[in-house]
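A short write-up of the structure that comes next.
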Amino acid sequence: MVILDKKIEELKVLISEEEIKEKLITLAENIEKTFPADEEIYVICVLKGSVMFCTDLVKHFKHPIQMEFIRISSYGHESKSTNNLQAIDLTLPNLHEKNVLIVEDIIDTGLTARFLTDLFKIKHHPKKLVFTALLNKKCARQIDIEPDLYGFEIDDKFVVGYGLDYKGYYRNLPYIGYFPN
Ligand code: 5GP
């Protein structure tokens with residue numbers, strides 16, 4: 001039995017499963033409008049946090065898509081951003097002149113978003129690059145960057161669920177929750 005200092009009984013629902021499901025329909029529609037009709041989109045799922053968001057989002061897409069997965073770590077095991085990005089796997093095919101959608105779970109300080117958008121622009125020269133995140137913690141931003149499209153704006157709370165973890169746990173929750181102080 002694992003004893004965590006943040007317990008599931010203390011978790012409060014911030015965004016319900018139903019709210020997420022509804023949001024993904026309009027978000028997917030709006031994302032697709034930013035790309036040329038009928039052209040294929042390379043969807044880049046940023047692991048591990050975006051796994052549920054990304055796989056649910058693409059179910060609504062009508063464009064032909066390719067899915068790619070990269071892995072970055074920024075929080076380690078803490079609930080505060082360490083400002084210490086670790087690129088674990090950035091293996092990708094040639095994306096030169098391709099339509100690329102980067103799918104992130106949450107944009108917090110903006111460090112990861114800046115790193116990824118710079119990387120894609122400089123290294124891959126895509127035809128079009130769109131950055132989306134399910135959650136936007138605008139008030140925690142340290143870098144001047146905004147996602148092109150996002151699902152929900154949230155306060156500066158540490159959230160878990162729907163792919164987001166605390167010490168590797170709670171990713172499997174179908175909703176987004178937080179631990180009140
Ligand atoms: P940023 O680079 O914008 O500070 O942080 C982005 C990454 O930090 C996210 O992809 C996510 O993995 C992690 N992160 C930021 N805020 C939270 C949060 O509230 N909860 C969890 N579980 N991870 C977060």
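The values are calculated or read from the model by the stated rules, or taken from the named source; none is laboratory data. Predicted model, so just to flag it, every value in this text is computed and none were measured. Cβ placement follows ideal geometry from the backbone for every residue including glycine, while neighbour counts extend to all protein chains displayed.
Yes or no: region 104-117 includes at least one residue that is of a type in the set (Asp, Glu), farther than 25 Å from ARG141 by Cβ and either at pLDDT below 95 or surrounded by 20 or more Cβ atoms within 10 Å (Cβ to Cβ) (or both). Within region 104-117 (the criterion being of a type in the set (Asp, Glu), farther than 25 Å from ARG141 by Cβ and either at pLDDT below 95 or surrounded by 20 or more Cβ atoms within 10 Å (Cβ to Cβ) (or both)), the answer is no, since none of the residues qualifies. CYS54 - would you say it is out of contact with any Leu (no Cβ under 8 Å at 6 or more places or on another chain), part of a helix (DSSP H, G or I), within 16 Å of the ligand (Cβ to nearest atom) and within 16 Å of LEU149 (Cα to Cα)? Criteria met by CYS54.
Scanning region 129-144 for residues that are in contact with a Leu (Cβ under 9 Å, 6 or more places away or on another chain) and either buried (at least 20 other Cβ atoms within 10 Å of the Cβ) or under 29 Å from GLU97 (Cβ atoms) (or both) returns LEU129, VAL130, PHE131, THR132, ALA133, LEU134, LEU135, ILE143.
Considering only residues that are in contact with a helix residue (DSSP H, G or I) (Cβ under 8 Å, 6 or more places away or on another chain) and crowded, with 20+ Cβ neighbours inside 10 Å, look in region 151-169 and name the one that is farthest from SER74 (Cα to Cα). The extreme case among them is GLY151. Of all residue pairs spaced 6 or more apart or on separate chains, those with beta-carbon atoms under 8 Å, a first member in region 133-144 that is small (Gly, Ala, Ser) and a second member that is near the ligand (Cβ under 8 Å from one of its atoms) and in a loop (DSSP other than H, G, I, E, B) are ALA140/SER81; ALA140/ASP108; ALA140/THR109. Considering region 106-181, the qualifying strands (runs of 3 or more DSSP E), each wholly inside and each with 1 or more residues that are within 10 Å of the ligand (Cβ to nearest atom) and within 16 Å of the chain's Cα centre (by Cα), run over 128-136, 176-178.
Against the definition (within 11 Å of the ligand (Cβ to nearest atom), in contact with a Pro (Cβ under 9 Å, 6 or more places away or on another chain) and closer than 26 Å to GLY161 by Cβ), how does GLU68 come out, yes or no? Considered against the rule, which asks whether it is within 11 Å of the ligand (Cβ to nearest atom), in contact with a Pro (Cβ under 9 Å, 6 or more places away or on another chain) and closer than 26 Å to GLY161 by Cβ, GLU68 comes out as no.
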